[in-house]
Amino acid sequence: MENEEPHDESAEAAEAPAPPPTPAETTAERTRERKRRPELTGRFKIVLSVLIALTSLLGAVAAWQAEAASSKRDADNGSGFAKSVARDQTEANLRARVASQLLDYEQGRDDLAQGNALRLQARHGAAADRRYLRTQAAFEADLGKRILATLDPDAFGANHAFNPEREFAIDFTAAKNTSDFDSTAEFVEAGHQAAKASRLVGLTVLLIGAAFFFTLAQVSSRRGTARLYAGGGVLVLVSAGVLLLLVVVAT
């Protein structure tokens, strides 16, 4: 009977697969791994929460100011448009009035000319017609003078001729003394408010970007990455805050 080779129990033990870790060992390994990896401290998380709240507050202020600027722009545009319409209506009414006055002037001139012609006929006409012609001449002349007397003396230019443009300028100056037709200031202010609203909307977008950086810092599992995101958020937040102050105060 041949001799059997010696059985090496230690070699078999080395070649055998390691038993799977128990749940307790797995939990312990995860705990050790978590301790080896730097995480965010509670104080840092509090700072991030405060920065996010501050960003939200500034974003609300920017949105509120943008809405106020838009409302002011609309109000100024409406006021300027109303003044422009009132100016156009006043000009149209005054032009119609001046046109009517020009007709009166022409009528008065015709009546005076008719009176002079009748007076001339009375001098050289038949004796039986002179009294009637003189009476009619006096009537026409008086009517012409009455019509011309209704016109503004300041509207007459050289040779005592009625000047429609001068009459319009006089009437329009008087109208401006009682009503404000100048819409320039309103439209200029509306342009300023529109630009302000646009800037504030841009700042709101910047503040959203800052909040996004802070959120990334909160969810980041590594301290270095979280601080990098937080630094970027602070830079954007400070820049947006300074610009917001300048926009609100300067405009």
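The table below gives the values:
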{"quantity": "Flag if Ala155 is more than 60 Å from the chain's Cα centre (by Cα) and among the small types (Gly, Ala, Ser)", "calculated": "no"}
{"quantity": "Index of the failed condition, Val247 passing every other in (1) under 30 Å from Val85 (Cβ atoms); (2) β-branched (Val, Ile, Thr); (3) under 21 Å from the mean Cα position of the chain (by Cα)", "calculated": "(1)"}
{"quantity": "Residue in the stretch 145-155 that is without any contact (Cβ under 8 Å) to a residue 40 or more places away in the chain and crowded, with 16+ Cβ neighbours inside 10 Å present", "calculated": "no"}
{"quantity": "Residues of the stretch 132-184 satisfying the condition of being under 18 Å from Asp88 (Cβ atoms), of a type in the set (A, V, I, L, M, F, W, C) and assigned to a helix (DSSP H, G or I)", "calculated": "Phe168, Ala169, Phe172, Ala174, Ala175"}
{"quantity": "Residues being assigned to a helix (DSSP H, G or I) and either in contact with a Pro (Cβ under 8 Å, 6 or more places away or on another chain) or within 12 Å of Phe44 (Cβ to Cβ) (or both) - total across the stretch 218-230", "calculated": "7"}
{"quantity": "Every residue from the stretch 97-122 that is closer than 13 Å to Ala138 by Cβ and either among the charged types (D, E, K, R) or modelled with pLDDT of 95 or more (or both)", "calculated": "Asp111, Arg119"}
{"quantity": "Residues of the stretch 157-208 that turn out to be farther than 20 Å from Asn77 by Cα and of a type in the set (Asp, Glu), as a count", "calculated": "3"}
{"quantity": "Selected residue (criterion: modelled with the lowest pLDDT) from residues of the stretch 204-220 that are in contact with a Leu (Cβ under 7 Å, 6 or more places away or on another chain) and more than 12 Å from Ser56 (Cα to Cα)", "calculated": "Gln218"}
{"quantity": "Lone qualifier among Gln121, Gln114, Gln101 - being part of a helix (DSSP H, G or I) and in contact with a Pro (Cβ under 8 Å, 6 or more places away or on another chain)", "calculated": "Gln101"}
{"quantity": "Close pairs (6 angstrom Cβ cut-off, 6 or more residues apart or separate chains): on the phi > 0 side of the Ramachandran plot in the stretch 163-185, crowded, with 17+ Cβ neighbours inside 10 Å anywhere", "calculated": "none"}
{"quantity": "Qualifying residue in the stretch 40-50 (condition: within 38 Å of the chain's Cα centre (by Cα) and either buried (at least 18 other Cβ atoms within 10 Å of the Cβ) or within 21 Å of Glu186 (Cβ to Cβ) (or both))", "calculated": "yes"}
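The values are calculated or read from the model by the stated rules, or taken from the named source; none is laboratory data. All of these numbers come straight from a predicted model, not from anything done at the bench. Neighbour counts run over all protein chains shown; Cβ positions are idealised from the backbone, glycine included.
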